[in-house]
Amino acid sequence: MSNPPTAPTHAPVPVSGPKTASPPPYRLRLPGPAPVPDRVKEAMSAPVVNHRGPEFRSTLAQAQEKMQQLLGTREPVLFFASSGTGMMEASLVNTIDAGDRVLVVVNGQFGERFSSIAAALGAQVDTLEVPWGEAVDPDAVRDCVTKIDYRAVVVIHNESSTGIVNPMKDIGDALRDQATLLIADSVSGLGGIEMKQDEWGIDIVVSASQKCLMCPPGTGLVSLSAHARSLVEREGGKHCFYWDFRKALASAAKHETPFTPPTALITGLTESLQMIGEEGIPQVLRRHTRLASALRAGCVALGLSCFGQHDALSSTVVEMNVPDGLNGADIVRLLYERHRMVIAGARNKLAGKIIRLGVMGHIHEDDILRDLAQLEDVLRLLGWSCGTGAGVKAAEAVLASP
Ligand SMILES: *Cc1c(COP(=O)(O)O)cnc(C)c1O
């Protein structure tokens with residue numbers, strides 16, 4: 001790399017961006033929420049209908065069926081007005097009792113969050129700690145489960161705080177003959193990386209609308225295996241009202257929800273799932289892989305390095321190390337001030353050290369190329385030297401290969 005040994009720590013930065021007649025377009029490049037396509041926006045603007053009438057029952061039936069295809073399940077899917085965290089909590093509140101032992105794999109911020117939720121519900125929580133940036137070893141999970149009788153094992157499928165994918169298929173295989181419940185948080189994975197719930201033996205998958213599902217925030221969803229449903233329906237298992245999966249399962253069988261659902265959002269979700277179906281699920285997943293590879297190659301050509309274990313990198317969150325002498329927060333701020341491009345840093349122990357970009361849902365080649373041009377501009381402004389157009393060129397090379 002052609003960078004000076006020490007980049008300036010206090011690089012001069014302008015307070016405002018270049019003077020232009022109209023501001024540049026707002027570019028939502030976060031690892032969620034993510035951009036919403038026009039087709040979905042139009043679907044959401046339809047008149048509000050009776051949430052228990054034939055029109056919405058038909059919408060919900062479509063959402064259920066299409067979501068089953070994306071999840072790779074024949075099991076029931078429930079929808080709630082909720083963010084992803086609500087579904088994380090609901091998945092536990094319905095299946096564990098105070099004092100139950102729960103194992104949470106922690107290799108990032110969302111694993112930490114899940115273990116906090118389990119603790120708040122009175123579970124006896126063990127964490128399987130994995131260095132941030134690495135994926136968990138399925139054998140390590142099996143070892144824990146053979147020693148202790150856990151009611152549930154919780155794994156983050158796509159750990160958005162580190163851009164790492166945990167091997168859900170192998171973990172499912174490792175736990176196949178165990179009575180423990182396997183819960184996967186695929187909030188930032190579903191729709192961007194592969195999920196085969198039934199084949200992989202995952203009992204509960206939780207997800208939410210605002211990441212690869214191309215909708216605004218506000219809809220949470222969960223799918224439940226027969227084993228999960230037997231726990232939900234266990235004798236004396238009643239700890240909640242709004243989140244009660246027993247009520248939700250009974251309503252879902254009639255294509256309804258127990259309480260008023262976010263009808264406009266679910267109508268939008270039906271449209272986004274229709275779009276995924278038209279493109280084809282394998283093609284959608286492949287697009288995420290290609291775009292994430294191109295974006296990473298472009299960032300590397302600009303002199304940044306990839307954060308994390310190289311054979312476990314996510315296709316939906318690209319996480320890059322910030323070079324020594326620069327601060328990630330400056331990169332994030334300047335991208336917004338100069339280009340209205342919105343990316344994420346970190347709000348945890350990686351703060352300042354990494355930047356994160358989403359490759360979620362409605363993202364295409366031109367988005368990635370624009371990302372790299374704007375990132376180059378900001379890096380240069382911060383005193384980092386990189387070859388003119390190097391990022392875009394490297395990404396184009398990846399995109400040109402079959
Ligand atoms: C975004 C996300 C969530 C949920 O966050 P909310 O803000 O509650 O929607 C949960 N888990 C992971 C891995 C996520 O990326």
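All of the numbers you see were taken from the coordinates with simple rules; none came from a lab. These figures come from a predicted structure and were not determined experimentally. Glycine gets a Cβ as well: all are built from the backbone with ideal geometry, and neighbour counts include every protein chain shown.
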Expressed in nanometres to one decimal, the distance between label points 7 Å along Cα→Cβ at ALA98 and GLU279 is 4.6 nm
Restricting attention to the alpha-carbon atoms of the chain, what are Rg (one decimal) and Dmax (integer), both in Å? 21.8, 67
Measure nothing but the geometry: give the 0 to 90° angle between the long axis through the Cα atoms of 263-279 and the longest principal axis through the Cα atoms of the chain, rounded to 10°. 70 degrees
Give me the mean projected area, in nm² to one decimal, of the convex hull enclosing the Cα positions of region 248-296. 5.1 nm²
Antiparallel DSSP beta bridges within the chain, as percent of all bridges there, nearest 5: 50 percent
Rounding to the nearest 20 debye, state how big the charge dipole of the chain is about its Cα centre with +1 on each Lys and Arg Cβ and -1 on each Asp and Glu Cβ. 940 debye
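How high is the FRET efficiency from THR388 to ARG39, r the C-beta distance, R0 41 Å, rounded to 0.05?
0.65
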Could you list THR219, THR263 so that the one with the fewest beta carbons within 10 Å of its beta carbon is first and the one with the most is last? THR263, THR219
Return the distance in nm (one decimal) between the two label points of a simple spin-label model at ARG176 and LYS147, each offset 7 Å from Cα along Cα→Cβ. 2.5 nm
Ranked PHE114, PHE259, PHE80, criterion: other C-beta atoms within 10 Å, fewest first: PHE259, PHE80, PHE114
Among LEU213, LEU71, which comes first, then next, by fewest other beta-carbon atoms within 10 Å? LEU71, LEU213
Nearest 10, in degrees from 0 to 90: the angle of helix 365-381 to the longest Cα principal axis of the chain is 50 degrees
Label ARG370 and ALA329 with points 7 Å out from Cα along Cα→Cβ: what is the distance between them in nm? 2.8 nm
Per-pair calculated FRET efficiency, R0 = 35 Å: GLN69 and ASP311 via Cβ, rounded to 0.05: 0.80
Length-normalised contact order of the chain, Cα under 8 Å, at least 6 apart, in percent, tallies to 25 percent
For the chain, the longest principal axis of the Cα atoms and the Cα long axis of helix 390-400 enclose an angle in degrees, to the nearest 10, of 50 degrees
Can you run the Rg to Rh ratio on region 163-249? Use alpha carbon positions and the Kirkwood inverse-distance Rh. 0.99
Step through the table entries LYS169/LYS393; LYS66/LYS254; LYS147/LYS247; LYS196/LYS247; LYS169/LYS211, compare each Cα-Cα distance with 28 Å, and write down the pairs that go over it. LYS169/LYS393; LYS147/LYS247
Lys, Arg +1 and Asp, Glu -1 on Cβ, resulting dipole of region 317-402 about Cα centre, debye, nearest 20: 340 debye
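What dipole magnitude, in Debye to the nearest 20, does region 242-297 give about its Cα centre under +1 on Lys/Arg Cβ and -1 on Asp/Glu Cβ?
Magnitude of the dipole: close to 280 debye.
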